[in-house]
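In what follows, a single structure is set out as C-alpha cells and then discussed.
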Amino acid sequence: MATRASIETLLANCEDALRFASDQYQESSLQEHYNGENYTQALQQLESAYNELAKMAQSANGQQREQLHRMRLQLQQAQNQMMLHDH
C-alpha cells in the first residue's frame, strides 16, 4: 500500500511538472522556435510524472487512486495542449 507521504510527494512532483510545462508553453508562444529544448524537457517531465502515477496507482487505496486519477487527467490535458501547440 502506498503511504500518504509518498502520494503527497508524487503529487507535488506532478504539480511541479505541470508548472514547468505551463511556463514553457507560455514562453513558447512568445519565442516560437527558440525554446525547443526546454519545451521537449517539459514534455518529458509530464510523461515521466504520468508513468510514476500509473505505477503508484497499483499500490494505492481507493481514495488515493482517485487523487492520482485526477492528477493524471491534468497531466494528460497539459500533454495534449503542448502536443497540439504549433511549436
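Every read-out reported here was derived from the displayed coordinates using simple, explicitly stated rules and does not represent laboratory data. All of these numbers come straight from a predicted model, not from anything done at the bench.
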- Mind pulling the angle between the C-alpha long axis of helix 36-57 and the longest principal axis of the chain? Nearest 10 degrees, somewhere in 0 to 90. 10
- Item | Helix 4-31 vs. the chain, principal-axis angle (Cα, 0 to 90°, nearest 10) | 10
- Principal axis dimensions, the chain - Cα atoms, whole angstrom, descending: 44, 19, 15
